[in-house]
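Laboratory data are not the source of any read-out in this text; all were calculated from the coordinates shown. Please read these numbers as outputs of a predicted model, since none were measured by experiment. Using ideal geometry, Cβ is built from the backbone for each residue, glycine included, and neighbour counts are taken over all protein chains shown.
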Amino acid sequence: MKVPVSRLGFGGAPIGNLYREISDEEAFGAVEAAWQTGVRYFDTAPHYGLGLSERRLGVALAGRPRDEYVLSTKVGRVLEPFDGVGLDDEGFAVPRQFRRVRDYSADGVKRSLESSLERLGTDRVEIVYIHDPDEHWDSAFGEAYPALEELRSQGVVGAIGVGMNQTRAPARFVRESDLDLVMIAGRYTLLDQTALDDLLPAAAERGVGIVAAGVYNSGLLSRPRPAAGARFDYAEAPTALVARANAIADVCERHGSSLPDAAAAFPLTHPRVVQVVLGMRTAEQVSSNAARFASPPPTALWQELLELGLIAEGTPIPGHDGPAPERHTP
């Protein structure tokens, strides 16, 4: 089944109170702003705010024509009631009313998806990702994926994906299954093109679409110049990476662009990348992200980065080795 996606996707983790609390009004305002700017792909997960992101997204999208947008969620973490004290201990500013239980079994997938559909207020989702199955290959591949295949055949799910922040396991999924999509976080960015080693060649061979997330690498690429104490992959950025980010920023400035503008646009230079998903917390962030996609950096910027060795040799650049094909989700 083909699932059309727009180049910019709405990442729902921030409206699940990632790192700090926001109001319902702010969350709904972000979704409304995304809709008004033409965003029609919305990604969420039970993990995001222990279901809060899904609930807010469901309310915000209620009343919208269901055939006019694409919705994705994830399986692998089942939410169970939990009488916890204080706030969630996995980065979300929400009460610990539930606990996440890793479950990639067929039953776990179906229970998780059923609960997600209820929170979202819909009877179907276009895309379901198997979420972070790094240490659970056997059950994810042997149970979760076949269960989703069955749901795909029933029309409950339009496309099956896997979402991870490493490339080896997703590349194996691509080679050994009939996967539609991979959401890869942080591994095809201005600072890290390791997906070129295995995942992207496998995706090209099998016709699998790639959705790029984590394009700012935990913040190192989110400002025109790296801030003091900038982080890379959730830890303090190494000095060498900060220096390389500054060197890339120099090139961006020469071409009338900026580090975050280039970071958001870069993954789409690869013909297998169908979309970039950015986390959006407020209407202002939505407007800023939409503006970046409305005016992408010039091709000459990518060519100079390639010539200077600031991006990996072999990185496909539109206009360098020919134009990229039209993007769609297989």
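Quick notes on this one:
- Residue order, fewest to most surrounding Cβ atoms within 10 angstrom, among 74, 110: 110, 74
- Ascending count of other beta-carbon atoms within 10 Å, so fewest first, for 54, 68: 68, 54
- C-alpha long axis of helix 239-254 to longest principal axis of the chain, angle in °: 70 degrees
- Helix-only CD estimate at 222 nm, as mean residue ellipticity for the chain, using -39500 (n - 2.57) per DSSP H run (n ≥ 4): -10000 deg cm²/dmol
- Estimated FRET transfer efficiency (residue 294, residue 254; beta-carbon r; R0 22 Å; 0.05): 0.55
- Rg/Rh for the range 85-222 stands at 0.99; both radii use Cα atoms, and Rh follows the Kirkwood definition.
- Only Cα sites of the range 8-307 enter the Debye sum here, all with the same form factor; the resulting log10 I(q)/I(0) across q = 0.09, 0.10 1/Å is -0.43, -0.54, listed in q order.
- Extension gain, residue 32 to residue 236: 0.36 nm times the residue separation minus the Cα-Cα distance gives 70.0 nm.
- Separation in nanometres of the label points that stand 7 Å from Cα toward Cβ, at residue 312 and residue 172: 1.9 nm
- The length gained on full extension between residue 19 and residue 154, counted as 0.36 nm times the residue separation minus their Cα-Cα distance, comes to 44.9 nm.
- Across all Cα pairs in the range 1-104, the calculated P(r) in 5 Å bins from zero up to the longest distance comes to 2, 12, 22, 23, 18, 12, 8, 3, 0 percent per bin.
- With the convex hull drawn around the C-alpha atoms of the range 208-292, the volume per residue stands at 112 Å³.
- More than 15 angstrom apart: percent of Cα pairs within the range 71-132: 54 percent
- Sorting 35, 302, 137 from the fewest to the most surrounding beta carbons within 10 angstrom yields 137, 35, 302.
- Calculated FRET efficiency for the pair residue 97/residue 64, C-beta based, R₀ 35 Å, to 0.05: 0.80
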